[in-house]
Each structure stands twice: as structure tokens, then as C-alpha cells.
1. On the principal axes of its Cα set, how long, how wide and how thick is region 61-152? Give whole Å, largest value first.
2. D for region 3-124, whole µm²/s, Stokes-Einstein with Kirkwood Rh over alpha-carbon pairs at 10 °C and 1.306 mPa s: what number?
3. When N counts the residues of region 30-97, how does its alpha-carbon radius of gyration compare numerically with 2.2 N^0.38 Å, as a ratio?
4. What does the convex hull of the Cα atoms of region 175-274 come to per residue, in Å³, rounded to a whole number?
5. What distance in nm lies between label points placed 7 Å from Cα along the C-beta direction at Leu122 and Leu323?
6. Could you order the peptides 195-202, 287-294, 26-33 from most to least packed, using the average number of other C-beta atoms within 10 Å per residue?
7. If I model region 228-320 as equal point scatterers sitting on the Cα atoms and use the Debye formula, what is log10 I(q)/I(0) at q = 0.18, 0.24, 0.26 Å⁻¹?
8. In square nanometres and to one decimal, what's the mean projected area of the convex hull around the Cα atoms of region 83-134?
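What follows draws every value from the coordinates through simple rules; no lab data is involved. Note that the structure is a prediction, hence the values are computed from the model and not measured. Virtual Cβ from ideal backbone geometry, glycine too; neighbours counted across all protein chains shown.
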Amino acid sequence: MSNAPIATQALDAHDLPLVTVVIPAFNAAATIDQTLRSVRAQSYANLEIIVVDDGSADETVVRVEQHIRADPRLRLVRQANAGVAAARNRGIVEAAGDYVAPVDADDLWHPEKIERQMALMLAEPEAGLVYTWYSIIDEHGQVLVEQVNTYPKAWQFAQLCHRNVIGNGSSALMRREAALRMGGYDSGLRSQRAQGCEDLKLYLQIAEHYPVAVAPWPLTGYRQLSGNMSSDGQQMLRSFDLVAQEFVSRLPHLAGAFASHRVFMLHWLISRSLSGKRWDITRTLVAELFKAPKQLLLTTTASTLRRFVRRRLHKLGRRIRGLPPRRYLEEAGSDQPAPVPLPATRLQGEGE
């Protein structure tokens with residue numbers, strides 16, 4: 001890990017700004033225990049943790065109530081099923097903190113995530129959002145891919161139009177005022193059968209009006225399961241198209257950036273559909289991919305292949321050296337997941 005000082009370490013817990021963690025949960029009994037343990041283990045001392053149960057039919061509420069009995073920072077809000085955007089918005093409205101940090105009920109946080117993000121946020125009072133690099137993890141918490149980027153802070157809005165460098169719904173720490181000013185997450189996408197890019201839309205809106213910073217460590221464990229929302233490639237693509245149309249209609253000079261973004265997204269969605277053996281969706285997505293302009297298709301495909309080869313070589317190198325699969329968090333006890341050491345610099349063999 002980097003030896004850079006963390007500014008919040010010098011502050012008493014009562015002097016730290018309150019950060020509200022918002023966890024939308026729908027039928028998350030299998031994973032929410034791990035998520036809550038990683039949130040409760042945060043080194044940042046002044047947290048409020050709100051779980052918004054979105055009409056679960058399994059034992060999600062039972063799991064959450066077990067944690068509430070052990071940790072007074074937690075509280076549970078229940079609502080009829082309305083979708084992940086509405087659940088996140090409910091948590092933001094209920095939040096007492098000036099800063100909000102959503103995390104999905106199957107993802108994990110490194111113990112220093114909020115502390116490192118708040119150090120950056122406090123160093124730049126105008127910032128509306130601080131995000132982190134992330135690790136893609138499987139159902140067992142083993143790291144599949146490290147996702148990093150080195151885009152300068154000043155480029156964040158332009159880069160988000162070109163590609164979702166934030167990458168998931170669990171890595172952002174937002175100023176609550178900024179999220180509310182933008183209207184929160186767009187819950188209307190659900191009624192259009194277009195869930196999936198609510199987080200991207202809000203990130204774009206915030207980045208258009210506020211500085212955005214990055215905590216350059218993989219502080220978020222983004223879990224990819226074959227049955228989660230991102231595996232529904234057609235719905236995700238509809239969601240992206242609606243978000244892109246909204247921005248391009250107002251800012252037509254961004255049409256090229258969003259066209260490139262769409263092709264990168266199609267590459268990712270095709271990969272996800274293949275891994276989930278969704279052959280029908282894969283065929284549809286491939287057909288969409290080949291509608292892209294030839295030069296754009298060649299450029300993005302070359303970039304995707306380079307990343308694929310780097311990642312495969314990185315994994316092969318670990319295998320040759322006899323290194324076992326790396327877990328994102330090592331379980332050191334029932335309530336305290338132990339962090340895997342963070343790299344001090346850009347990860348070798350990985351990245352965008």
C-alpha cells in the first residue's frame with residue numbers, strides 16, 4: 001500500500017464528517033452478510049449504514065437484523081419492490097450524512113475505502129464525487145480482474161462520456177447535496193425495461209457540474225455473478241442508449257464519445273453474455289456491435305484484445321509462479337475481514 005498519509009487519521013471520530021452508506025437489497029440473503037461485514041470494518045470512524053430492503057422475499061431482513069443487533073450504526077428501511085434506483089434514492093433521502101456512499105448488497109469494500117476517499121474529498125471541497133479503482137471478484141470473493149485507470153481528474157466528464165471509468169455502483173463516494181441536486185438515480189428507466197445505467201447517468205450529471213477525483217487503489221470488490229443485472233445485456237444496452245440520447249440531444253458534440261462508449265460497452269456485454277452462456281443474447285449483441293463504423297470497431301476491438309491479452313498473461317504468470325487465486329478480502333474472523341495489501345503504484349499487467 002502507498003505510504004501517503006491519510007488526512008482523516010488525525011481527526012477524532014466526532015470531528016469527522018458523517019458518511020452515510022446506502023445498501024439497496026433485494027433477495028440478497030446469500031451475499032449481504034459479507035457486504036455488511038466489509039462495511040462495518042471500515043477504518044473511517046463516523047459512519048451511518050442504511051440498508052434499504054426493496055421488497056425481498058428471502059431472508060435478507062433476517063441477516064440485516066442480526067447485524068443491527070451488533071452495530072448501532074445500522075438501520076433498516078423497508079419498502080415495496082421499486083427497483084435499485086428507487087432503493088438508492090430512498091437511502092439518500094433518509095441519510096443524515098453530508099456524504100453518501102452506495103454499495104450493492106453483493107459487493108465488498110476494502111477496510112480503508114471510505115477513509116481514503118474522504119481524505120481526497122476533504123482536500124478538495126468543491127469535489128462532487130470521489131471514486132476508486134476496483135477488483136472484479138467471483139462468487140467466492142476471488143479476484144478475476146483489477147480495473148484501474150490513470151485519467152487526469154480534469155478529464156473525468158469527457159472520459160465518462162467515452163467510457164465508464166467508474167465502472168460500477170459501489171465505488172463512488174458522493175456529496176449528498178450533489179446527488180440530490182441532480183435528482184438522484186433515474187428510477188424511470190425501470191418502467192422502460194432499461195435498468196442498468198442509472199449509476200452512469202448520475203455520475204455523468206455530477207461530473208458535468210463538479211470536479212471528480214479518483215482514489216487510485218482497488219478499494220472496491222465488484223462481484224460479477226451470472227444472474228445479476230449486468231448479465232442482461234439487452235436491457236443494459238437499452239439503458240445506455242436512453243442515457244446517451246439524453247446527453248447527446250443537449251450536447252451534440254459528444255455524439256462521437258458516446259458512440260465509442262457504446263462499442264466498448266458492447267464488448268463488455270458480449271463477454272458477460274458468453275460467460276453466462278446466454279447464446280441468444282450474445283448473437284443479438286454481436287449484431288449490434290457490427291453496426292458500428294468500421295474504424296471505430298477496429299480501434300475498440302484492438303484495445304479490448306490488448307487488455308484481454310495483458311490479463312491472461314498476468315494470470316498465466318501467477319500460475320507459473322505457483323501463486324493461488326487471490327481473494328479480495330481474507331476472512332480473519334466473523335466481523336473483521338482482513339484486507340489484502342494494496343499496491344502502492346499502478347498494477348502491473350492490468351488496467352484500461
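1. Here the Cα extents, ordered largest to smallest, are 41, 36, 28 Å.
2. Values: Rh = 14.6 Å.
This corresponds to a translational diffusion coefficient of 109 µm²/s.
3. Details: Rg = 11.8 Å, N = 68, 2.2 N^0.38 = 10.9 Å.
In units of the 2.2 N^0.38 Å rule of thumb, it is 1.08.
4. Numbers: hull volume 12.9 nm³, N = 100.
Hull volume over Cα atoms, normalised by residue count, gives 129 Å³.
5. Each label point is offset 7 Å from its Cα along the Cβ direction, giving 3.3 nm.
6. Working: 195-202: 23.5, 287-294: 13.0, 26-33: 19.6.
Descending mean neighbour count gives 195-202, 26-33, 287-294.
7. Per q value, in the given order, log10 I(q)/I(0) is -0.88, -1.23, -1.29.
8. In nm², the orientation-averaged hull projection of region 83-134 is 4.4.
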